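Report on the following structure.
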Amino acid sequence: MPKGNESGIVAPVALQLGCHAAGLDARHFGPETSDAVFRCVLDAITSAAAGLRQPGVVAARRVAPLLYGPGSVPIWFSGGTASAGAAMLANSTAAAALDLDDGYRMARGHPGAAVIPAALALMSAVPDASVDDFIATVVAGYEVGVRLAAARSTYAPSGAWSGFAVVAAAGRMLGVDAKAIAQALAIAAQTAPALPALAGIAGSDVKEGIPAGVAAGWTALQLAMGGVTGPVDVLEDKRLFDSQAVLRDLNGIPLIGGTYFKAFGCCRHIHAPLEAVLHLQARHGLAAEDIVSIVVFTYQATFNLSNKPDPATLVEAQYSVPYCLAVCLLRGTDALVPLNAGQLNDAEVRELAGRIEVTHDAAIEPLFPKRSPARVVVNLVGGQRLESPLTDPRGDPERPLSSADLERKLRIATRDTLSPTVQQMVLDGVAALRTGEWRPLLAALR
């Protein structure tokens, strides 16, 4: 419920969010919330480690310290360090690079690639921070970022709202007062990347602009701490946000428990078609050489993707239903964890992708964004027709990835970037967080 003061005046939404973020205390969370934090940490690190060698990630590691200066905060798995802001930018770029990072259904985007790099950067920079502080920091980032994303009047890519998440997370870790957090949220609302709804589909390294949102959020908080003010009432503007939705159940169960995790390194809209095809393959022994054509029935948002059967870049491949299905059928699921640029020249994959059609199903449309299901029809040589049931992707809270699944994801996704020893150090570091120790994880990240 909206909070008022003695005169009955209701506090601005930004201030209520600032109070909420500043006051979060891990001692009041249930074990399921702490567990969700640790799962998000492992998944974000996995995603970043898998993307270490991508050209855009290499460039960000080089440029970030030039922009934000030197320091002692680790730029993950590089051996290098920089200021907190530089580390946030570099590590966020890595976490978002391969579409392996977590997401949130109602936000229609990806909080983890922003919140986890920010929280871990500040964990390094604040000497007396505890694991409880870290847990509250991560929860604050997801709480505020997801609420504002879900309450937007129109869809926007994650970078347009990830700055809000960073303001809340960094504000909580640094002990910033609620009024300054409110000002920072307002500043971020006006300075966040103005990304078009189709950002990244053309195949650039920008994609959803999450690292730019991280930089905008960190800058907004620093400015607010220095005394700069923002248009605090912006979160009340009905043209931009549904303020009631922002504040709904504000003191209820933390939203981080609703995070989904990806089993494949591609856009979430592609995961249900993949699961549907895998269902038919397991049930009927489906072989790629027997397939004449495939029709994917899905909701309209899937058509915001490029869906090119012959993608020219790795990002275009991550946004192509036909190409990812063809890779899965011909090369197996591990070839999607993650996709790599070498697969772009696979003539056999391109040929099969050219026989896969994506079509709209009006009956599925009302289910999105609460769900993102799909069904597929496979036409075989000889005239046989196979049809999947309506299928939801794995990784949602209703079909969660297990701890073993997330551990396997780390080992498969980073098989070319981390040694088995470092992989185990990461797993041991996350396990140590559960016991209140954070230095083993930071040692692994160095």
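The values are calculated or read from the model by the stated rules, or taken from the named source; none is laboratory data. Worth saying up front: this structure is predicted, and the values here are computed from it rather than measured. Methodologically, a virtual Cβ is constructed for each residue, glycine included, from the backbone with ideal geometry; neighbour enumeration extends over all protein chains shown. Please note that ligands, DNA and RNA were not included when accessible areas were found on the heavy atoms of the full protein model with its side chains. Shrake-Rupley method; radii C 1.70, N 1.55, O 1.52, S 1.80 Å.
Quick notes on this structure:
- Subset of the stretch 94-130 (residues that are touching a Leu at 6+ places or on another chain (Cβ under 8 Å) and assigned to a strand (DSSP E or B)): Tyr104
- All told, Ala36 falls short of being modelled with pLDDT of 95 or more and either β-branched (Val, Ile, Thr) or out of contact with any strand residue (DSSP E or B) (no Cβ under 9 Å at 6 or more places or on another chain) (or both).
- Odd one out for Thr229 among (1) in a helix (DSSP H, G or I); (2) closer than 14 Å to Ala14 by Cβ; (3) touching a helix residue (DSSP H, G or I) at 6+ places or on another chain (Cβ under 7 Å); (4) not hydrophobic (A, V, I, L, M, F, W, C): (1)
- The stretch 193-226: number of residues that are among the small types (Gly, Ala, Ser), at pLDDT below 95 and in contact with a Phe, Trp or Tyr (Cβ under 7 Å, 6 or more places away or on another chain): 1
- Complete set of residues in the stretch 343-366 that are closer than 27 Å to Leu98 by Cβ and open to solvent by 40 Å² or more (accessible area, probe 1.4 Å): Asn345, Ala347, Glu348, Arg350, Glu351, Gly354, Arg355, Glu357
- Index of the failed condition, Ala245 passing every other in (1) assigned to a helix (DSSP H, G or I); (2) within 29 Å of Val13 (Cβ to Cβ); (3) under 17 Å from the mean Cα position of the chain (by Cα): (3)
- Every residue from the stretch 262-290 that is open to solvent by 10 Å² or more (accessible area, probe 1.4 Å), over 22 Å from Pro338 (Cβ atoms) and either touching a strand residue (DSSP E or B) at 6+ places or on another chain (Cβ under 9 Å) or of a type in the set (A, V, I, L, M) (or both): His279, Ala282, Arg283, His284, Leu286, Ala287, Asp290
- Residues in the stretch 388-432 that are touching a strand residue (DSSP E or B) at 6+ places or on another chain (Cβ under 6 Å) and among the hydrophobic types (A, V, I, L, M, F, W, C): Leu390 alone.
- Among the residues of the stretch 215-238, just one is of a type in the set (Val, Ile, Thr) and within 11 Å of Ala170 (Cβ to Cβ), namely Thr219.
- Residue pairs whose Cβ atoms lie under 9 Å apart, separated by 6 or more positions or on different chains, with the first residue in the stretch 44-59 and outside any helix (DSSP H, G or I) and the second crowded, with 23+ Cβ neighbours inside 10 Å and among the polar types (S, T, N, Q), are Gly51/Thr93; Leu52/Thr414; Gln54/Thr93.
- Scanning the stretch 232-253 for residues that are open to solvent by 20 Å² or more (accessible area, probe 1.4 Å) and touching a helix residue (DSSP H, G or I) at 6+ places or on another chain (Cβ under 6 Å), we see that the one that is nearest to Val139 (Cα to Cα) is Ser243.
- Across the stretch 411-446, the number of residues qualifying as farther than 22 Å from Leu98 by Cβ and among the hydrophobic types (A, V, I, L, M, F, W, C) comes to 6.
- Residues (under 17 Å from Val206 (Cβ atoms) and either surrounded by 24 or more Cβ atoms within 10 Å (Cβ to Cβ) or touching a Cys at 6+ places or on another chain (Cβ under 9 Å) (or both)) located in the stretch 61-87: Ala64
- Filtered residues of the stretch 300-333 (kept if open to solvent by 10 Å² or more (accessible area, probe 1.4 Å), assigned to a helix (DSSP H, G or I) and free of Cβ contacts under 8 Å to residues at least 40 places away in the same chain): Arg331
- Members of the stretch 278-299 that are in contact with a helix residue (DSSP H, G or I) (Cβ under 6 Å, 6 or more places away or on another chain) and either of a type in the set (Val, Ile, Thr) or part of a helix (DSSP H, G or I) (or both): Ala288, Val296
- Looking across the stretch 349-381, the residues that are under 26 Å from Ala288 (Cβ atoms) and without any contact (Cβ under 8 Å) to a residue 40 or more places away in the chain come down to Val349, Glu351.
- Residue satisfying all of: in the stretch 403-446; among the acidic types (Asp, Glu) and assigned to a loop (DSSP other than H, G, I, E, B); nearest to Leu120 (Cα to Cα) among these: Glu437
- Search result, residues across the stretch 153-173 that are farther than 18 Å from Pro254 by Cα and either in contact with a Lys or Arg (Cβ under 9 Å, 6 or more places away or on another chain) or part of a helix (DSSP H, G or I) (or both): Ser153, Tyr155, Ala156, Pro157, Ser158, Gly159, Ala160, Trp161, Gly163
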